[in-house]
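Undergrad: Structure in structure tokens, see below.
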Amino acid sequence: MVERRGCDLNPIDPTLDESRPLLLSFIWPDQSGRFQQFTEVLEVARRVPAQVDRSDAIPWLQTHLAGPCPSVATVVFHSCVMPYLSEEARENMQRIIVQAGQRATGDAPLAWLSMEPGIEQSDVHLTMWPGGERRLIAQSGHHGRDVKVL
């Protein structure tokens, strides 16, 4: 099965007009460029919607990474999630993804792409299985600004 899917404890559907004011409220008022960018992102979300399940990340990952998907590359992506999780949840999340990676094959690869706070900026790491090599591929300012590809 090929799909775009995610999870959130309290998902907000960006394709609905009634969600727009709430989503706009998360942008600081002095960041006019982000308002324009957000409008463009909403249009993409309407054209290419993704299912967002109401779920905690740990059980969701356990379900969706239970087995490799033949003829499909699975990508796990998250940004600025880890600081909000307990140490136990961070360890569980990493364990689930690494175990799924160990089950990956050339016909059913797994990629783990993360953008999480680094020392001065956000670090973008990519781990690919089979193999399990983790690489720092980019650094970014907060909110995805000033991306430096390494």
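Undergrad: Can you tell me which residue within the stretch 1-34, out of those that are part of a loop (DSSP other than H, G, I, E, B) and of a type in the set (S, T, N, Q), is modelled with the lowest pLDDT?
TA: 31
Undergrad: While we're looking at this one, here's another question. Give the stretch 116-150 a look and list any residue that's within 26 Å of residue 35 (Cβ to Cβ) and touching an Asp or Glu at 6+ places or on another chain (Cβ under 7 Å), or say none.
TA: Matches in the stretch 116-150: 116, 122, 139, 140.
Undergrad: Identify, please: which residue in the stretch 99-131 is surrounded by 15 or more Cβ atoms within 10 Å (Cβ to Cβ), more than 16 Å from the chain's Cα centre (by Cα) and hydrophobic (A, V, I, L, M, F, W, C) and is, among those, nearest to residue 7 (Cα to Cα)?
TA: Once the filter is applied, the top-ranked residue is 100.
Undergrad: Taking the conditions exactly as written (in a loop (DSSP other than H, G, I, E, B) and either loosely packed, with under 15 Cβ neighbours inside 10 Å or free of Cβ contacts under 8 Å to residues at least 40 places away in the same chain (or both)), does residue 71 satisfy them or not?
TA: yes
Undergrad: Quick one: what pairs do we get from the stretch 1-14, first residue surrounded by 11 or more Cβ atoms within 10 Å (Cβ to Cβ), second small (Gly, Ala, Ser), C-beta under 8 Å, 6+ apart or different chains?
TA: If the second residue must be small (Gly, Ala, Ser), the pairs left are 5/50; 6/50; 7/55; 7/57; 8/55; 12/19; 13/19; 14/45.
Undergrad: From the list 25, 86, 32, which residue is in the same structural domain as residue 146 (by TED's automatic domain parsing), among the hydroxyl-bearing types (Ser, Thr, Tyr) and loosely packed, with under 15 Cβ neighbours inside 10 Å?
TA: It is 86.
Undergrad: For residues that are of a type in the set (Lys, Arg) and touching a helix residue (DSSP H, G or I) at 6+ places or on another chain (Cβ under 9 Å), tally how many sit in the stretch 29-76.
TA: 1
Undergrad: Kindly provide the set of residues from the stretch 57-74 that are closer than 16 Å to residue 114 by Cβ and polar (S, T, N, Q), ordered by number.
TA: Scanning the stretch 57-74 gives a single hit, 74.
The values are calculated or read from the model by the stated rules, or taken from the named source; none is laboratory data. Just so we're clear, the structure is a prediction, and the values are computed from it rather than from any experiment. FYI the Cβ positions are ideal-geometry reconstructions off the backbone, even for glycines, and counts take in every protein chain you see.
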